[in-house]
Each structure stands twice: as structure tokens, then as C-alpha cells.
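S.K.: Take this structure first; my questions come after.
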Amino acid sequence: MKFGRTLLVAIPYTWLLVFFLIPFGIVLKISFSDIALAIPPYTPTLKDGFWQMLSGLDLENYAFIGAGAVFAVFAVLVISVAMFQIVYPRVRRALIPDARYGVFDSAAAALTTLAVALVNVALIVALVSFLFPVLKSFVDIPDFLYFAAYLSSLKIAIISTFLTLLIGYPIAYGMARAAEHWRPTLLMLVILPFWTSFLIRVYAWIGILSTEGYLNQLLLSIGIISEPLAILNTPVAVYIGIVYTYLPFMVLPIYAALEKMDDSLVEAAEDLGCTTLSAFWLVTAPLSKPGVIAGCFLVFIPTLGEFVIPSLLGGSNTVMIGKVLWEEFFNNRDWPVASAVAVILLLILIIPIVLFQRNQEEAEQ
Amino acid sequence: MRRFSWFNATSLTFGFAFLYLPMLMLIIYSFNESRLVTVWAGFSTKWYGELMQNEAFLDAAWVTIKVAFWSSTLATILGTMAAYIMVRAGRFRGRGLFSGMIYAPLVMPEVITGLSLLLFFIAVDVDRGILTIVLAHTTFAMCYVSVVVTSRLVSFDNSLEEAALDLGCTPFDAFRSVTLPIIMPAVISGWLLAFTLSLDDLVIATFTSGPSSTTLPIKIFSAVRLGVTPEINALSTIMILLVTVGVISASLISRSLAIKAKADERKAEQQ
């Protein structure tokens with residue numbers, strides 16, 4: 001019995017150690033080594049003892065991609081968003097005194113909630129665009145490509161998460177309000193694209209967005225535009241692609257939160273004099289918050305390292321870190337720098353991953 | 001009472017149109033006579049015929065199915081074990097690390113997983129090919145399987161298993177004849193999920209495949225980079241239809257299983 005249990009634990013444990021943890025160790029190790037024109041194209045630096053290893057760590061790759069600057073920007077972002085989150089509840093409380101729920105208050109609630117989301121997005125995007133030239137003129141980073149790629153991935157991930165929320169929330173809300181016998185079908189309709197090939201769903205948009213694509217044909221034939229729009233190979237195409245492919249990840253957690261919700265709460269709010277809109281902002285919106293947060297993380301985290309969408313829809317104008325890593329590895333064959341890029345991406349992702357897990361744990365309680 | 005307003009109706013209509021129109025266009029234009037993919041020139045199934053002649057695509061499809069079958073089967077076994085450990089094994093040394101390793105691949109960017117596995121395979125000097133893709137896919141798919149199976153294990157009554165143990169079953173027998181039948185729907189959907197994840201994966205497969213083992217997504221990706229072609233439209237249509245049929249039949253089966261289980265329970269209560 002005891003032996004059986006140990007064996008049961010040991011098999012998947014060993015598998016994950018060998019194929020998940022050890023490979024990361026190797027990435028970490030190679031990120032500290034030098035590029036060499038050999039196969040494999042790096043020179044190991046960690047073959048001596050632990051202390052030699054520490055003293056001989058080669059930080060060149062990290063300096064090369066501007067790791068310090070990336071972290072500086074990231075720290076500023078995290079701190080400013082945190083500050084804003086502390087200021088925001090006070091503003092909200094000042095705007096919506098808890099005692100009254102008139103038309104004015106529901107509008108104020110709606111505006112502040114939207115404003116929070118918008119200000120957060122705008123704050124980050126502005127900081128990213130502002131910090132970039134400042135750092136570029138003050139800090140000496142050998143190659144700004146990587147730094148720019150981290151920042152632009154961050155910007156694209158944040159904006160597209162926000163857009164996915166804007167589109168996904170009404171769908172989830174509509175699903176949760178639909179008649180009971182319709183809901184399994186609607187749920188299936190949202191899940192089905194999730195099972196369909198990601199690559200094919202991104203590919204479908206090439207035909208729609210290209211210069212002679214279906215969208216341009218339609219708009220030209222209606223007469224809205226006189227010249228075809230160039231959407232493919234621009235960031236706009238990347239936003240469309242991300243919103244489209246990640247929409248189920250946003251809809252499903254929000255739907256789960258809304259579906260669980262007790263309808264009598266909304267009714268009670270309305271009986272107590274709330275308008276439909278203020279009942280939504282004061283009851284439904286706060287109760288769906290865990291779903292919204294989960295959905296945002298589920299979109300944001302994978303988008304940050306996305307490769308397929310920017311390389312198929314974004315053209316050469318859109319730089320994202322996943323694409324840079326890929327090209328560094330397959331085209332330039334610079335494995336140490338590719339590894340360093342991966343390590344930093346992972347370090348950046350640790351914060352949202354930890355926050356996501358905490359949100360899940362809170363939601364379960 | 002739930003109210004269904006015009007607002008909900010429009011948001012659902014637009015939402016589902018957004019989700020399904022692109023795929024619908026793809027399917028419609030796969031039956032286009034013309035090679036120019038955006039100009040409709042009459043109905044034809046010739047691109048399907050040409051696809052069937054294309055040896056490279058057929059080979060890649062065969063490799064993909066083999067990889068998906070083996071990796072999803074392995075992932076289901078390992079993932080079910082992992083889920084069982086997380087729910088039933090109680091405390092053991094390194095449990096925190098284990099749960100971290102189970103959940104991390106779910107959110108890890110694919111480029112990082114792919115890169116680390118490739119560097120690992122090179123470090124231990126394994127030739128890249130079907131085997132390495134199977135190992136890589138098993139590793140990330142087992143985490144999805146374990147999440148699916150965990151949610152089922154948590155929700156069912158532990159006392160059934162304990163009763164079997166009290167009545168003299170060995171732990172393995174108790175698992176096989178009591179626990180496994182109960183969690184079977186989750187195990188099957190975990191297998192299906194692992195299978196589609198493997199069919200779908202481009203990034204990790206590109207990193208871990210060798211020159212002789214090109215999978216379908218790798219093939220599609222290199223063709224798609226050059227633009228839209230009717231053959232790819234035809235291939236996409238076949239894949240979309242297969243997945244649709246698979247998902248709908250799986251959900252019908254699981255629904256009828258659930259109804260049957262409920263009926264059995266009622267019968268057991270009456271006795």
C-alpha cells in the first residue's frame with residue numbers, strides 16, 4: 001500500500017521534473033553562456049563548482065537585451081497601477097454616496113467603472129510610450145529591438161485584453177439571461193471555436209482583412225470606402241486576431257460568474273428603487289468581478305508571449321516578444337540571447353500568474 | 001425570472017456572428033472554382049481532390065494523428081494519476097512544487113515551453129522526431145487532463161471509494177471498479193482535449209520536431225505565410241467539420257451518460 005502510493009506519486013512527478021523543470025534549468029544555464037559558432041551554438045559556462053559559477057556568470061546576454069530597463073519599466077507600471085487602485089475606491093465613494101441610487105448615481109457608477117478600466121489601460125499605454133524615448137536617450141542598451149518588443153507586447157496584450165472584455169461581457173451577459181433550455185446550446189457555440197484549430201481561425205482572417213479580401217470587397221461594393229483599407233499586416237489586424245481567438249477565454253469565466261448569480265438580488269435592488277442600469281452597475285457588475293478578472297488574466301497571460309497571431313496578421317510592422325524569440329532562435333541561431341529573452345518574459349509573467357492564482361483561490365472560497 | 005431584452009438578443013447575434021462568420025467564409029470559399037480565393041467563380045470540389053493528391057499534406061496529417069494519439073493517451077494516464085494524487089494522496093513531500101508544475105504549463109507561453117524542451121532534447125542528445133514531439137505534447141497536455149479530471153474527482157463522494165476499501169478491495173481494485181467508472185466522462189473529455197491540443201499545436205511542435213517529422217500545423221503555417229490558397233481552405237474545412245462533429249457527438253454522449261447515471265441513482269435509492 002505504502003509502496004503503491006509512492007510509485008503513484010513518483011511517476012507523474014518524475015515526468016514533470018524531467019520534461020518541465022530540468023528544461024527550464026537548461027534555458028537558465030544557456031542564457032548565461034556565450035554564443036559560439038558550433039553545434040550546439042553556445043559555450044557552456046557552468047561546468048565548474050557553484051562558486052565559480054556565481055562569479056563567472058555571464059550577464060552579457062541580459063545586458064544586451066536591456067533586462068534592467070525592461071524591469072525598470074515594469075516596476076514603474078506595477079507601482080503606478082497599484083497606486084491608482086488605492087486612489088480609485090476613494091474617488092468612487094466620493095462620487096457615489098451609498099445612500100442614494102438615482103439615475104445620476106447609476107450614471108456615475110457606470111462612468112467611474114468604465115473610467116477605471118480606461119484610465120488603467122491609458123495609464124499603461126501612455127507610460128509605455130513615454131518611457132521608451134526617455135530610456136532610450138538615458139540608458140545605454142546595445143540593441144533596442146528587444147526592449148521595444150517587450151513594451152509593444154505589453155501594450156498589445158493590455159489593449160486587446162480590454163477590447164476582448166468589451167466584446168465578451170455582453171455576450172456572456174446575454175447567455176446568462178437567455179432561457180434555461182437555450183443555455184447549453186449557447187455554451188456549446190462558445191466552446192466550439194475553442195476546440196477548432198487556433199491556426200485555422202487566425203488564417204481565416206487573412207482572407208477577410210487582406211487588400212482584396214472579403215471585408216474590403218464588401219465595403220467597396222457598398223460604397224463606404226473608395227480605396228481598399230490596408231488592415232492586414234498592421235497592429236489593428238493583430239488586435240482583431242487576438243480578440244477573435246481569445247474571446248471564449250473571456251466569455252466562459254464571466255458567464256460562469258453571472259450564471260451562479262442570484263437573480264433575486266437584482267430584483268430586490270429594483271424593488272428598492274434602482275433603475276435597470278443602476279441595478280446592473282451596483283449589483284451585477286460587482287458580482288461578476290471574479291469572472292472578469294479571471295477572463296482578463298486568461299487573455300492577457302498567453303497574449304503576452306503570442307507568436308502565431310503577430311507573425312501571420314501583424315506583418316513586419318508588429319513586434320512582439322514571442323516573435324522576436326522565435327526569430328532569434330531559428331533565424332539568427334543565437335541561443336543564449338533567445339534563452340535570456342525567455343527567462344525575462346517568464347519573470348515578467350510571474351506577477352500576473354500569481355495574481356491570477358490568488359483571484360482563483362478567493363473565488364473558490 | 002430572467003429577462004431577455006433586445007440588448008441581449010443583439011449582443012448574442014453580433015457575438016456569434018463575429019465568432020462564426022470568418023469560419024463560414026473559409027468553408028464557402030473552399031468550394032470556389034477559381035484559384036483566386038477572393039473571387040467567386042462557381043461551385044467546385046476540385047480543391048478537395050487536389051488536397052487528396054498532395055502527398056506532403058497527407059504524410060503530415062498521418063504524423064499529426066500518430067503524435068496526437070500517443071501523446072493524448074500518455075497524457076490521459078499521467079494526468080489522471082496527477083489529479084488523483086492532488087485530490088486523494090494527502091500530504092507528501094514536494095506537494096507544493098508538484099502542484100506548481102501541474103498548473104504552470106497551462107499559462108506558460110508556448111515559445112518558452114518549446115524552447116526549453118528543445119534545449120533539453122539537445123542537451124541529452126535525443127534525435128528530434130516523432131518521439132520528441134510526443135514527449136513534449138504529453139507534458140503540456142497532461143496538465144490540462146489533470147485539471148479536467150480534478151474537477152470531477154473533487155465533486156464526487158469519497159465515501160464510495162472508502163466503502164469499497166472497507167469491503168476488502170485493494171486500493172487498485174477500488175480505483176478500477178469504483179472511482180474510474182465515476183470519473184470516466186472526465187477522463188474521456190480529458191483525452192479528447194489532449195488530442196485536439198496536440199492536433200492544433202504549432203509552436204511546440206516546430207521546436208521539437210526534426211526534419212523528417214513535419215506535422216500538419218507546421219505544414220499549414222509554412223503554406224499560409226505565402227498567403228491564402230484554396231487547398232488550405234479545403235483542409236481547414238475538413239478540420240473544422242471533424243472537430244464540430246467530434247465535439248457535438250462527445251457532448252451528446254456525455255449528456256446521455258449523465259441522464260443514465262441519474263436514472264441509476266434513482267433506481268439505487270428506490271431499492
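The values are calculated or read from the model by the stated rules, or taken from the named source; none is laboratory data. Keep in mind that what you see is a predicted model, and the values were worked out from it rather than measured. Don't worry about glycine lacking a Cβ; one is built from the backbone with ideal geometry, like all the others, and counts go over all protein chains shown.
S.K.: Can you give me the number of residues within the range B:210-245 that are closer than 24 Å to B:Phe31 by Cα, small (Gly, Ala, Ser) and at pLDDT below 85?
M.R.: 1
S.K.: Let me ask something additional. Which one is surrounded by the fewest Cβ atoms within 10 Å (Cβ to Cβ) among residues in the range B:211-224 that are out of contact with any helix residue (DSSP H, G or I) (no Cβ under 7 Å at 6 or more places or on another chain) and in a loop (DSSP other than H, G, I, E, B)?
M.R.: B:Pro211
S.K.: Select, from B:Ser44, B:Ser34, the only residue that is polar (S, T, N, Q), away from chain A (no Cβ under 11 Å) and touching a strand residue (DSSP E or B) at 6+ places or on another chain (Cβ under 8 Å).
M.R.: Details: B:Ser34 fails: touching a strand residue (DSSP E or B) at 6+ places or on another chain (Cβ under 8 Å).
So the residue among B:Ser44, B:Ser34 that is polar (S, T, N, Q), away from chain A (no Cβ under 11 Å) and touching a strand residue (DSSP E or B) at 6+ places or on another chain (Cβ under 8 Å) is B:Ser44.
S.K.: Quick check: is even one residue across the range A:189-196 more than 22 Å from B:Met239 (Cα to Cα) and not hydrophobic (A, V, I, L, M, F, W, C)?
M.R.: No; the residues of the range A:189-196 include none that is more than 22 Å from B:Met239 (Cα to Cα) and not hydrophobic (A, V, I, L, M, F, W, C).
S.K.: Here is a follow-up. Taking the stated definitions as given, is A:Ile156 under 24 Å from A:Leu313 (Cβ atoms), in contact with a Gly (Cβ under 6 Å, 6 or more places away or on another chain), buried (at least 23 other Cβ atoms within 10 Å of the Cβ) and in contact (Cβ under 8 Å) with a residue 24 or more places away in the chain?
M.R.: no
S.K.: Check B:Leu118, B:Leu106, B:Leu26, B:Leu12 and return the single one that is under 30 Å from A:Glu267 (Cβ atoms), surrounded by 15 or more Cβ atoms within 10 Å (Cβ to Cβ), at the interface with chain A (Cβ under 10 Å from one of its Cβ atoms) and hydrophobic (A, V, I, L, M, F, W, C).
M.R.: B:Leu12
S.K.: Which residues, counting only those in the range B:68-122, are at pLDDT 85 or above and of a type in the set (Gly, Ala, Ser)?
M.R.: Within the range B:68-122, B:Ala68, B:Ser71, B:Ser72, B:Ala75, B:Gly79, B:Ala82, B:Ala83, B:Gly114, B:Ser116 meet the criteria.
S.K.: Among the residues of the range B:50-68, is there at least one that is more than 9 Å from every other protein chain (Cβ to nearest Cβ) and of a type in the set (Phe, Trp, Tyr)? Spell out the reasoning first.
M.R.: In the first step, residues of the range B:50-68 are kept if they are more than 9 Å from every other protein chain (Cβ to nearest Cβ); the result is B:50-68.
Imposing the further condition that a residue be of a type in the set (Phe, Trp, Tyr) reduces the set to B:57, B:62.
There is at least one residue in the range B:50-68 that is more than 9 Å from every other protein chain (Cβ to nearest Cβ) and of a type in the set (Phe, Trp, Tyr).
S.K.: Among the listed residues A:Ala230, A:Ala257, which satisfies the condition of being surrounded by 15 or more Cβ atoms within 10 Å (Cβ to Cβ) and out of contact with any strand residue (DSSP E or B) (no Cβ under 9 Å at 6 or more places or on another chain)?
M.R.: A:Ala257
S.K.: What do you reckon, is B:Leu252 surrounded by fewer than 19 Cβ atoms within 10 Å (Cβ to Cβ) and not acidic (Asp, Glu)? Break it down into steps so the answer makes sense when it comes.
M.R.: Details: surrounded by fewer than 19 Cβ atoms within 10 Å (Cβ to Cβ): yes; not acidic (Asp, Glu): yes.
Answer is yes for this residue.
S.K.: Restricting attention to the range A:226-271, report how many residues are free of Cβ contacts under 8 Å to residues at least 40 places away in the same chain and part of a loop (DSSP other than H, G, I, E, B).
M.R.: Result for the range A:226-271: 7.
S.K.: List the residue pairs whose Cβ atoms are under 6 Å apart, where the first residue sits in the range A:14-32 and is more than 18 Å from B:Ala141 (Cα to Cα) and touching a residue at least 12 places away in the same chain (Cβ under 8 Å), the second is among the hydroxyl-bearing types (Ser, Thr, Tyr) and part of a helix (DSSP H, G or I), and the two are 6 or more positions apart or on different chains.
M.R.: A:Val27/A:Ser339; A:Val27/B:Ser116; A:Ile30/A:Ser339; A:Ser31/A:Ser339
S.K.: Looking only at residues in the range A:294-348 that are of a type in the set (A, V, I, L, M) and part of a loop (DSSP other than H, G, I, E, B), which one is farthest from A:Gln360 (Cα to Cα)? Step through it out loud before you land on a result.
M.R.: Kept after step one, since they are of a type in the set (A, V, I, L, M), are these residues of the range A:294-348: A:294, A:298-299, A:301, A:304, A:308-309, A:312-313, A:319-321, A:324-325, A:337-338, A:340-348.
In the following step, the residues that additionally are part of a loop (DSSP other than H, G, I, E, B) were identified as A:319-320.
Details: A:Val319: 32, A:Met320: 28 Å.
My answer is A:Val319.
S.K.: Restricting the range A:298-317 to residues that are buried (at least 22 other Cβ atoms within 10 Å of the Cβ) and away from chain B (no Cβ under 11 Å), which is nearest to A:Ala157 (Cα to Cα)?
M.R.: A:Val299
S.K.: While we're here: Output the number of residues of the range B:178-210 satisfying the condition of being at the interface with another protein chain (Cβ under 9 Å from one of its Cβ atoms) and outside any helix (DSSP H, G or I). Don't jump to the end; show me each part of the working.
M.R.: The initial filter retains those residues of the range B:178-210 that are at the interface with another protein chain (Cβ under 9 Å from one of its Cβ atoms), namely B:192-193, B:196, B:199-203, B:206-207.
Now drop any that are not outside any helix (DSSP H, G or I), which leaves B:201-202.
Of the residues in the range B:178-210, 2 are at the interface with another protein chain (Cβ under 9 Å from one of its Cβ atoms) and outside any helix (DSSP H, G or I).
S.K.: Now, a different point. Would you point out which residue out of A:Leu209, A:Leu163, A:Leu151 is closer than 29 Å to A:Leu229 by Cα, at pLDDT 90 or above and more than 8 Å from chain B (Cβ to nearest Cβ)?
M.R.: Residue meeting the stated conditions: A:Leu163.
S.K.: Quick check, is A:Ser339 within 9 Å of chain B (Cβ to nearest Cβ), crowded, with 16+ Cβ neighbours inside 10 Å and of a type in the set (S, T, N, Q)?
M.R.: It is true that A:Ser339 is within 9 Å of chain B (Cβ to nearest Cβ), crowded, with 16+ Cβ neighbours inside 10 Å and of a type in the set (S, T, N, Q).
S.K.: Can you tell me which residues in the range B:133-190 are modelled with pLDDT of 90 or more and surrounded by fewer than 22 Cβ atoms within 10 Å (Cβ to Cβ)?
M.R.: B:Leu135, B:Tyr144, B:Val187
S.K.: Something else: With the condition kept exactly as written, say whether any residue in the range B:144-165 is more than 30 Å from A:Gln357 (Cα to Cα), among the basic types (Lys, Arg) and part of a helix (DSSP H, G or I).
M.R.: no
S.K.: Look through the range A:174-225, keep the residues that are assigned to a loop (DSSP other than H, G, I, E, B) and hydrophobic (A, V, I, L, M, F, W, C), and return whichever of them is surrounded by the most Cβ atoms within 10 Å (Cβ to Cβ).
M.R.: Out of the qualifying residues, it is A:Ala178.
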